[in-house]
Amino acid sequence: MRWRVLVDPPATGSRNMAVDHALAACSSPGEAVLRIYQWGRPTVSFGRNEPARDHYGRERQGGWGGHGTVHDGGFDFVRRPTGGRAVLHDRELTYSVVLPLNRGGVTGRGGSLRATYGLINQGLIEALRLLGVPAALAEQQGPPAALDSGPCFERPAPGEVIARGRKLVGSAQARIGRAILQHGSLLLGPGQERLREIESNFASRSTGGHPEGPGGDGRVQVLVAPQTGPISLSEVLGREPSWSHVVEAVISGLKQVTGGEWQRDDLTELERVKSVALEERYASPEWTWRR
């Protein structure tokens, strides 16, 4: 397998999702892609089918943002092409992996989609080992979380990457054309708890501040089941490692697990044109708030 590595500068949520989608849509047999990137503003991304309107709200103070998203307290919003639940992209590294499909599953060592998920996560575990982080794959802990059960990092799903029993990397997959896209978020620092604050603020505005629940004090009570919560590299290591250090570790970890020929690259002209066309969808409020 030939691997192309793209390390991109910060961009809008719509741009990042459009590029990931374009890389999968333009996938070639025998060629895989690892893309590592950041976000220009703190951005909340929703899973493809996650209910968002009733939790985070479409009508928000501050009005529509410049890219079809909504600004609220400094946050943008976008909907991913993959599944899963809400993630706040801030003080984290986002990766995406594109692998071509064949008749029996994913081309190369991955095999089935489930095996591919495990293979990529093993590469992330190796990357974390290079950073000095003892990580593992989560085991089954009760039934899978429902799509409307709250932010992604509140508890790990089976097979996700954890440290000290808490979720460190959240990932999701989608079939797009003749390829599989897996992308996810590696937490560099804390901050995911702000998702519950956004949700609570929206609930309070939606009721006009009227009393709700037994408290009767004008605040909406957002009940959160006890969870272990997320963990970040800064908590595990006692410091936040440099961006470049984490980037090189992710590249090295995946390379060690998958093998193949690796080289740095940029978008092809076909991928660039496709991503520009797709950006309109991911910038659209109708897509972001469709559920």
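For Leu88, are the conditions met, namely being touching an Asp or Glu at 6+ places or on another chain (Cβ under 8 Å), of a type outside the set (D, E, K, R), at pLDDT below 95 and under 20 Å from Arg196 (Cβ atoms)? The answer is no for Leu88. Within the stretch 13-57, the residues that satisfy the criterion of being closer than 19 Å to His89 by Cα and assigned to a loop (DSSP other than H, G, I, E, B) are Gln38, Gly40, Arg41, Pro42, Gly47, Arg48, Asn49, Glu50, Pro51, Ala52, Gly57. Number of residues in the stretch 60-85 that are touching a Gly at 6+ places or on another chain (Cβ under 8 Å), at pLDDT 75 or above and part of a strand (DSSP E or B) equals 4.
Which is in contact (Cβ under 8 Å) with a residue 40 or more places away in the chain, in a helix (DSSP H, G or I) and within 18 Å of Val161 (Cβ to Cβ), of Val246, Val276? Exactly one of Val246, Val276 is in contact (Cβ under 8 Å) with a residue 40 or more places away in the chain, in a helix (DSSP H, G or I) and within 18 Å of Val161 (Cβ to Cβ), namely Val246.
The values are calculated or read from the model by the stated rules, or taken from the named source; none is laboratory data. None of these values were measured; they are calculated from a predicted model. Every residue, glycine among them, receives a Cβ derived from its backbone with ideal geometry; neighbour counts consider all protein chains shown.
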